[in-house]
Amino acid sequence: MNPFNFQLWILIIATATVLSAAINDYRTRLIPNAITFAAMLAGLAMHGLHSGWNGLFFSLSGLAAGGGLLLVFYLLGGMGAGDVKLLAGVGALLGAEKIFAVFVLTVIAGGVMAAGQIAIEHSLKNIFTRIKNFAVVWSANNYFSVDDRINVSSKNTLPYGVAIAIGTLTAFITH
């Protein structure tokens, strides 16, 4: 038996990454750079050392795909940079092909979490107010800008790191 099972170590590191990020995000609504950058570096280093340039390219493409999938949502103000960096780090570990499955499962988990949050808050009015506040408005300077009257407390935000963890772990189980 090979004492260094590469895929097992990737699985362990990815699991530790998403679980620690989920716990931090749930508690503080922040995902520390130490977690996300460590995942990115671990993915790049491990794949590079294991498979040379092909491994490095595999990891870089996963990093770009993972970050790119959430970048639009970040730019629209729908999530934090930590969420983008976390999915990029998971992508660096798992590669581009697997990150798409993680992304789809993450979106499903995030949708379920958002529906649960709505049900718990019992206030569709609050949700519609938040959507209105996030709406893009035409400014007097003839460019689109996000309404600066947004006042969202961290209590009302969705810890998307938890959704990413659920999506990642579900992908491990189902694929």
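Things to note:
- Charge context of Gly91, other residues only, Cβ under 13 angstrom, K/R +1, D/E -1: 0
- Charge context of His175, other residues only, Cβ under 15 angstrom, K/R +1, D/E -1: 0
- On full extension, the segment bounded by Thr157 and Phe6 gains 50.7 nm, given 0.36 nm per residue less the C-alpha separation.
Values quoted throughout were computed directly from the atomic coordinates according to the rules given, and no laboratory measurement underlies them. Since the model is a prediction, treat every value here as computed from it, not as a measurement. Cβ atoms come from the backbone with ideal geometry, glycine included; neighbour counts cover every protein chain shown.
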